[in-house]
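As structure tokens, the structure follows; a few thoughts come after it.
The values are calculated or read from the model by the stated rules, or taken from the named source; none is laboratory data. Nothing here was measured: the structure is a model prediction, and the numbers come from that model. Cβ placement follows ideal geometry from the backbone for every residue including glycine, while neighbour counts extend to all protein chains displayed. Protein only, heavy atoms only, side chains kept; ligands, DNA and RNA dropped before computing areas. Shrake-Rupley method; radii C 1.70, N 1.55, O 1.52, S 1.80 Å.
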Amino acid sequence: MTTTGTTTGTTTTTTTGTTADAGYGEWEELVGAALLGTGRRQGNPAALLDAAAVQTVRRRAGLRPAEAGPRPDPAPRDPRPAPPEPARRRLAQLLAGRTGAGSGGGRRGAAPDLTELLPQWLAAAGRHGYRAPHALVPALLEAARARTDLRPQALALAGARGLWLARLNPDWRFALRGGAGGAGELPGPEDRTGVERLWQEGLFAERVALLGTVRAHEAAAATRLLSTTWATERAEDRLMFLDSLRVGLTAADEPFLEAALGDRSRNVRATAAELLSALPESALAGRMAERALACVGPQGVTPPAECDAGMLRDGVVARPPAGRGERAWWLGQLVEAAPLSCWRERFGGLGPAEIVALPVAEGESWREELHAAWCRAAVRQRDPHWSKALLGAASAPPATAPGTASLAERAKLLSILPEGERAEWVAEFIRAHGLSEAFQLLGVCMVPWAGTLGRAVVDALDAAREAGSYPWSFSGVMGLAERCLDPAAADHLESLTTASDGPPDTSPGAAAYWSEAFQRLVATLRLRATMLAELAPGP
């Protein structure tokens, strides 16, 4: 549209022959007329549009560019090496979410699952000590913004350059909130001035990250640092700081934790008591052992009759949750906080398996309370012998397990066993019970699933296919398998991908869906093997 009149006055004649803004005045009046309609304003539609065009040009022409801001400081140098070129291309592919060349746009059965491979690429790159390729740092930050599970590894890989970029884009502020990704901004644990300044002035997340860094360097230094401000911290912050001491807990932490038993916050007291009970030689563990031994022995179970002041001071919660009796509640807390080593002498030198197998004279309810408390104690004290005894035989029905029938609790017990024993136990469980209940148990096994465990998983998937099940009934395990199976299993899985899809004009049956799922699994495993080879440093 061409205007022939002035654009600064109130009247402009256009090629349509109408007077552009006659009767419409300011922009707000134009908008009002457009919303209500020219009929209600007794106007002309063409004149309204012409006036809108003129006003638009006028508004744009009247804008003055903002003054340029100061240039940002250069990004700090990252001394780490970049990954090899093939690995850089692979990262770009994974971040773009594109499938590999040649996979085509057909059924997803042939396409590897890139979402499963990206965290593995990041973990492997971290192990090799690489930095992120400069050009891919923005895409990496975007991926970390979308997936919180990627953040620790993605931000570690992005390093100082990622933090530099994050300060320039509000969408990436999450990278500045401490934790693993923000660790690059933390002072070194030997920089006492920097540590003290950040501890006094930093954000809460930065202080948590700093405490973890200092503790990893010197455990005692963390409690010394925490002591400097402990009295002035908020209760919820004291609780979080105390909880961070779980990592690297040692007997040297006992004086600080013992003092925390007198904290004015009940939650802080309870956490301090829990941490102390994980130290079998602590004074609290001794006091709890004395109380627990008075309640449990070869003659049976006699739970405490009351929750006295000493028990309260040692973190015992007096009021039970709904549905539980007081005495059973107190008994469970005493037993789980007592050192497991105290029970051998109490039961005449018997080992954990023999003690767990003993009948409880007072009935099944006390047995369940007692064994559940021993399960919690075994996890808290990381005792593999008691964990194994409470797990029982993997082939036995879960409902008959000596410790607990809960798969979540059994997974916690499993996590205490040595890696090899853990894999053997889960493999035996899968052979006896299939995959339907194995998801939580597989989640605590070391990666990759090789040897006995890998074969058990593949055989169980094949058995499920033979039984006519559909693969989506095992979607959780299939996802874990894509992430965790050893790539060496691809050759065996290849033989399971040959099922016919049936006539092209019919819906595929279970066999075809399984074939598709196995193809995807094979493709993912092989791409993972290629990906890891690409990340290997050159000669």
Discussion item. Yes or no: segment 390-413 includes at least one residue that is outside any loop (DSSP other than H, G, I, E, B), over 31 Å from the mean Cα position of the chain (by Cα) and surrounded by 21 or more Cβ atoms within 10 Å (Cβ to Cβ).
Written reply: no
Worksheet item: Restricting to segment 188-238, what's the tally of residues that are under 27 Å from residue 266 (Cβ atoms) and of a type in the set (Val, Ile, Thr)?
Response: 5
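Please enumerate the residues belonging to segment 466-489 that are part of a helix (DSSP H, G or I) and open to solvent by 40 Å² or more (accessible area, probe 1.4 Å).
If we filter segment 466-489 for residues that are part of a helix (DSSP H, G or I), which is where we start, we get 466, 471-484, 487-489.
If the condition is that a residue be part of a helix (DSSP H, G or I) and open to solvent by 40 Å² or more (accessible area, probe 1.4 Å), then 466, 472, 473, 475, 483, 488 are the ones that fit.
Take residue 215 and tell me if it is within 31 Å of the chain's Cα centre (by Cα), charged (D, E, K, R), assigned to a helix (DSSP H, G or I) and under 23 Å from residue 379 (Cβ atoms). Quick ask: steps written out before the conclusion?
On the way: within 31 Å of the chain's Cα centre (by Cα): yes; charged (D, E, K, R): yes; assigned to a helix (DSSP H, G or I): yes; under 23 Å from residue 379 (Cβ atoms): yes.
The answer is yes for residue 215.
I want to confirm something. Restricting to segment 433-447 and keeping residues that are open to solvent by less than 50 Å² (accessible area, probe 1.4 Å) and part of a helix (DSSP H, G or I), which single residue is nearest to residue 365 (Cα to Cα)?
Taking segment 433-447 first, the residues open to solvent by less than 50 Å² (accessible area, probe 1.4 Å) are 434-435, 438, 441-442, 444-445.
Within this subset, residues satisfying the condition of being part of a helix (DSSP H, G or I) are 441-442.
Values: 441: 26, 442: 30 Å.
So, considering only residues that are open to solvent by less than 50 Å² (accessible area, probe 1.4 Å) and part of a helix (DSSP H, G or I), the one nearest to residue 365 (Cα to Cα) is 441.
Being outside any helix (DSSP H, G or I), surrounded by fewer than 14 Cβ atoms within 10 Å (Cβ to Cβ) and of a type outside the set (D, E, K, R) is the requirement here; does residue 305 meet it? So that I can check it myself, show each step before the final result.
Values: outside any helix (DSSP H, G or I): yes; surrounded by fewer than 14 Cβ atoms within 10 Å (Cβ to Cβ): yes; of a type outside the set (D, E, K, R): yes.
Here the answer is yes, as residue 305 does meet what is asked.
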Practice prompt. With respect to residue 321, determine if the residue is over 23 Å from residue 254 (Cβ atoms), in a loop (DSSP other than H, G, I, E, B) and open to solvent by less than 50 Å² (accessible area, probe 1.4 Å).
Written response: no
Worksheet entry | Unique residue being modelled with pLDDT under 85, surrounded by 16 or more Cβ atoms within 10 Å (Cβ to Cβ) and in a helix (DSSP H, G or I) when the list is 39, 109 | 109
Discussion item. Whether any residue in segment 414-429 is over 18 Å from residue 484 (Cβ atoms), of a type in the set (A, V, I, L, M) and out of contact with any helix residue (DSSP H, G or I) (no Cβ under 7 Å at 6 or more places or on another chain) is what I want to check.
Written reply: no
Worksheet item: Looking at segment 47-71, which of its residues are surrounded by fewer than 14 Cβ atoms within 10 Å (Cβ to Cβ) and either of a type in the set (Gly, Ala, Ser) or part of a loop (DSSP other than H, G, I, E, B) (or both)?
Response: 61, 62, 63, 64, 65, 66, 67, 68, 69, 70, 71
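Tell me, which helices (runs of 4 or more DSSP H) wholly within segment 134-193 include 1 or more residues that are in contact with a Leu (Cβ under 6 Å, 6 or more places away or on another chain) and at pLDDT below 90? Spell out the reasoning first.
Working: elements: 137-146, 151-166, 179-182.
Per the criteria, 179-182.
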